Amino acid sequence: MGSEVSGNIWSQLLHKKSAVVGIVIIILSSLLSILAYIIIPDKTNNANEQISEIALQSPMYRTVLLKIKRNLAYEEQGWIEKITNGLGARYDYIPIDSFSTTVNELVITTKSGKRQYHKLWNILHAVDTIVDTEGDSYTIIDYAAGRVTMNKEEAVNKIRRENIVSRRFYFGTDRYGRDILSRIILGLRVSLIVGLLGVIISLTVGLFLGLVSGYSRGIIDDIVMWLINTVWSIPTVLLVFAIVIALGRSINVIFLAVGLTLWVDVARIVRGQVLELREEQFLVAAKSLGYKPLRIMFVHILPNLVGPLLVICASNFAIAILLEAGLSYLGFGVQAPTPSLGNMLNENYAFALGGKVFIAIIPAIVIMLLVLSFNLAGNGLRDVFDVKSKT
């Protein structure tokens, strides 16, 4: 019976095109967030690879880059760490117009027209000194591989093949020369994480208080309603600001602040639903059988609240994304260099006013699509679960 009901709900939901569009956008956004470091062009931690020579380039900008290995030792990373945190910045990148080779050096012409000379072993092995260079080969001590001997022709071919790369910046670059596409996808991850954890906290607090208040009535109901009305009277944004200022600026504090401000809606709706259900015959039967209040609330009442809870969670998710973006834009949210859709707007709005509109338009469109998709999904769920609208 349960599978038939859920199947009927899904079939009704799939007939609502706007809700389907919203759900598809949510699923795609979630997949992008989970696989972010696998698919983004800039796989460094926080997509913070800065190439100042190509700052503020327009979308679809393409250039040729020379990768020079950094003289740093790196710990081996597991695949989970690579997916969650990305890689360390292992190369320096120089945009070039042309290049040529000599016996021991690569000669490049940069975008500014300057000529630079780089030793072959410095590009490949990040060392300036060598043990021996004789004839067509050189020997160096590599910090990772130990003693390495390489033919100079092989080194040149390897540089041509692996260290001179062509890269396209599909969304352009920001004022630091960072890839906007990579940072947008990581900012999407931040927004969804804050929204998810904020909704979980608000659902946990609001569901418990709403159930207890609606079922118990009396003085408990009076206390909970007083608390709801008190929190309800404080503007949401001001309450979030107060919590963030009191506890500090970090992503953990942000989703906690969001959750502690959005529980009121959940509690009010749950309480109202419980007041309607508490006199139903199945609850009267459960009471007559001597079931404890906790069992009645969580086993008999809670399953009947799934529909309204899904609707309010979708709405709260959209509000949480807006709150996080607003806090980050004002400098009270996620702090640089961690990318957030809000702090990307904050960092680049001055350049947008100066003519580089794409820098502000792209994250703004992403925020709009996220919020719109959750609202569309919530409206579809409301229509499916609302008996009055069906009749």
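Do we have any residue at all in region 224-235 that's within 25 Å of A364 (Cα to Cα) and surrounded by fewer than 23 Cβ atoms within 10 Å (Cβ to Cβ)? Please lay out each step first, then the result.
Here is the first cut: in region 224-235, the residues within 25 Å of A364 (Cα to Cα) are 235.
Going one step further and asking which of them are surrounded by fewer than 23 Cβ atoms within 10 Å (Cβ to Cβ), we end up with 235.
Yes: region 224-235 contains one or more residues that are within 25 Å of A364 (Cα to Cα) and surrounded by fewer than 23 Cβ atoms within 10 Å (Cβ to Cβ).
Do any helices (runs of 4 or more DSSP H) lying entirely in region 14-106 carry at least 1 residues that are of a type in the set (K, R), over 30 Å from T139 (Cα atoms) and outside the structural domain of S315 (by TED's automatic domain parsing), and which ones are they?
Numbers: elements: 17-34, 36-39, 79-85.
Filter on region 14-106 gives 79-85.
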One residue from S213, S166, S191, S182 being within 30 Å of N104 (Cα to Cα) and not acidic (D, E): S166
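Of the residues R168, R183, which is basic (K, R) and not in a strand (DSSP E or B)?
Values: R168 fails: not in a strand (DSSP E or B).
It is R183.
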So is I301 under 21 Å from I185 (Cβ atoms), surrounded by 16 or more Cβ atoms within 10 Å (Cβ to Cβ), touching a helix residue (DSSP H, G or I) at 6+ places or on another chain (Cβ under 7 Å) and among the β-branched types (V, I, T) or not? no
By residue number, the members of region 258-289 that are at pLDDT 80 or above, surrounded by fewer than 21 Cβ atoms within 10 Å (Cβ to Cβ) and of a type in the set (A, V, I, L, M) are L260, I269, L275, L277, A285
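Looking for something farther than 28 Å from N252 by Cα, surrounded by fewer than 21 Cβ atoms within 10 Å (Cβ to Cβ), touching a residue at least 12 places away in the same chain (Cβ under 8 Å) and touching a Leu at 6+ places or on another chain (Cβ under 9 Å) - is there at least one such residue anywhere in region 306-314?
Restricting attention to region 306-314, the residues satisfying the condition of being farther than 28 Å from N252 by Cα are 307.
Narrowing the set further to residues that are surrounded by fewer than 21 Cβ atoms within 10 Å (Cβ to Cβ) leaves 307.
After this cut, where a residue has to be touching a residue at least 12 places away in the same chain (Cβ under 8 Å) as well, the list is 307.
Subsequent filtering for residues that are touching a Leu at 6+ places or on another chain (Cβ under 9 Å) retains 307.
So far as region 306-314 goes, yes, one or more of its residues are farther than 28 Å from N252 by Cα, surrounded by fewer than 21 Cβ atoms within 10 Å (Cβ to Cβ), touching a residue at least 12 places away in the same chain (Cβ under 8 Å) and touching a Leu at 6+ places or on another chain (Cβ under 9 Å).
Among the residues of region 362-375, which ones are in contact with a Gly (Cβ under 9 Å, 6 or more places away or on another chain) and either under 20 Å from R189 (Cβ atoms) or surrounded by 23 or more Cβ atoms within 10 Å (Cβ to Cβ) (or both)? Give the steps one after another, and end with the answer.
Looking only at region 362-375, we keep the residues that are in contact with a Gly (Cβ under 9 Å, 6 or more places away or on another chain), and these are 362-363, 366-367, 370, 372-375.
Scanning region 362-375 gives I362, P363, V366, I367, L370, L372, S373, F374.
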Of the conditions (1) more than 30 Å from A242 (Cβ to Cβ); (2) without any contact (Cβ under 8 Å) to a residue 24 or more places away in the chain; (3) of a type in the set (A, V, I, L, M); (4) out of contact with any helix residue (DSSP H, G or I) (no Cβ under 6 Å at 6 or more places or on another chain), the single one that A350 does not satisfy is (1)
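Being modelled with pLDDT of 90 or more and exposed (fewer than 13 other Cβ atoms within 10 Å of the Cβ) narrows it down to one of M1, M60, so name that one. Step through it out loud before you land on a result.
On the way: M1 fails: modelled with pLDDT of 90 or more.
Unique residue meeting the criteria: M60.
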Does region 353-378 hold any residues that are in contact (Cβ under 8 Å) with a residue 24 or more places away in the chain and assigned to a loop (DSSP other than H, G, I, E, B), and which are they? K356
Has region 193-210 got any residue that is over 29 Å from the mean Cα position of the chain (by Cα), crowded, with 16+ Cβ neighbours inside 10 Å and not assigned by TED's automatic domain parsing to the domain that holds L305? no
For residues that are within 24 Å of G210 (Cα to Cα) and hydroxyl-bearing (S, T, Y), scanning just region 223-257, find the one that is modelled with the highest pLDDT. T230
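Tell me the residue from I319, I359 that is touching a Leu at 6+ places or on another chain (Cβ under 7 Å) and either surrounded by 21 or more Cβ atoms within 10 Å (Cβ to Cβ) or among the charged types (D, E, K, R) (or both), please.
Details: I359 fails: touching a Leu at 6+ places or on another chain (Cβ under 7 Å).
Among I319, I359, only I319 is touching a Leu at 6+ places or on another chain (Cβ under 7 Å) and either surrounded by 21 or more Cβ atoms within 10 Å (Cβ to Cβ) or among the charged types (D, E, K, R) (or both).
The values are calculated or read from the model by the stated rules, or taken from the named source; none is laboratory data. As the structure is a computational prediction, the values presented were derived from the model and not from experiment. Virtual Cβ from ideal backbone geometry, glycine too; neighbours counted across all protein chains shown.
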